[in-house]
Amino acid sequence: MDRNTEIWRQYYEKGLTRPHSKRTEFAARLNKSNFKVATDCGCGTGSDIQYLEKQGFSVHGFDINPDSVAICRDRFDSKSLVDISESSFEYFDYPKSGLVIANSSLFFADPNLFETTWGNISSSIEVGGVFAGDFMGIKDSWAKKYRSPTTSLSESEVKCLFSGFEIVRFFERDENAKTSLGRMKHWHTYSVVAVKRA
């Protein structure tokens with residue numbers, strides 16, 4: 001097993017016990033579109049999918065990691081409202097949604113294709129629908145020295161992504177802290193909850 005695979009395996013083991021994000025709850029309540037459809041980008045082990053499915057959302061979850069996909073397919077096998085795909089951000093076919101979640105995942109989108117990827121995500125959200133997710137800032141330790149390419153953005157670049165949205169929450173994290181696997185790193189992220197206006 002290569003080091004990359006082992007790190008993701010450890011991450012998913014931790015993720016199985018992780019509760020859904022409170023931000024996902026908040027975003028689901030904000031959805032004023034007529035679409036009870038959610039997309040979970042980089043769904044990991046599916047804690048947000050579980051919550052959204054219980055709220056009556058039809059949920060499309062995807063992840064590029066086969067381990068994550070296998071866990072979610074097994075976990076939601078009997079749930080008719082849940083569809084799990086193995087895909088990257090760049091090649092996923094985004095359905096029309098009232099809610100798009102990208103919790104700590106868009107960091108790993110291909111920087112060369114990010115503009116197109118974001119266009120696909122943004123246009124999939126219906127008017128009155130909600131985006132909730134995180135973006136990597138340029139001071140993050142993983143912005144330059146990560147084991148695979150990452151997309152890092154400045155504050156103004158993140159805000160420009162939301163020209164057709166009303167930003168409801170915007171939070172910058174800029175600190176040294178541990179990863180979920182207990183390793184220290186510098187975190188620089190922007191967390192956004194925004195409602196589609198047009």
Condition first: buried (at least 18 other Cβ atoms within 10 Å of the Cβ), among the aliphatic types (A, V, I, L, M) and more than 21 Å from residue 88 (Cα to Cα). Now tell me which residues in the stretch 131-170 satisfy that. none
Do we find a residue being more than 15 Å from residue 102 (Cβ to Cβ) and assigned to a loop (DSSP other than H, G, I, E, B) anywhere in the stretch 186-196? no
Please work out if residue 125 is of a type in the set (A, V, I, L, M) and free of Cβ contacts under 8 Å to residues at least 60 places away in the same chain. no
Any pair with Cβ under 8 angstrom, 6 or more apart, that starts in the stretch 141-167 at a residue that is in a helix (DSSP H, G or I) and ends at one that is modelled with pLDDT of 95 or more and surrounded by fewer than 18 Cβ atoms within 10 Å (Cβ to Cβ): 155/172; 159/167; 159/170
If you scan the stretch 185-198, which residues turn out to be touching a strand residue (DSSP E or B) at 6+ places or on another chain (Cβ under 6 Å) and open to solvent by 40 Å² or more (accessible area, probe 1.4 Å)? 186, 197
Checked the stretch 56-103 for anything surrounded by 23 or more Cβ atoms within 10 Å (Cβ to Cβ), assigned to a loop (DSSP other than H, G, I, E, B) and either of a type in the set (Gly, Ala, Ser) or under 13 Å from the mean Cα position of the chain (by Cα) (or both); matches are 89
Do the conditions hold for residue 108, that is, is it under 28 Å from residue 197 (Cα atoms) and at pLDDT below 95? yes
Matching option when the condition is farther than 24 Å from residue 34 by Cβ and acidic (Asp, Glu), among 126, 115, 166: 115
Conditions (1) over 18 Å from the mean Cα position of the chain (by Cα); (2) under 23 Å from residue 88 (Cβ atoms); (3) surrounded by 14 or more Cβ atoms within 10 Å (Cβ to Cβ); number of the one not met by residue 181: (3)
What are the residues in the stretch 61-90 that are within 18 Å of residue 109 (Cα to Cα) and not aliphatic (A, V, I, L, M), if any? 61, 62, 63, 65, 66, 68, 85, 86, 87, 88, 89, 90
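The values are calculated or read from the model by the stated rules, or taken from the named source; none is laboratory data. Keep in mind that this is a model prediction, so the values were computed, not measured. Positions of Cβ are generated from backbone atoms using ideal geometry, with glycine treated the same way; all protein chains shown enter the neighbour counts. Ligands, DNA and RNA are excluded from the accessible area calculation, which covers all protein heavy atoms including side chains. Shrake-Rupley method; radii C 1.70, N 1.55, O 1.52, S 1.80 Å.
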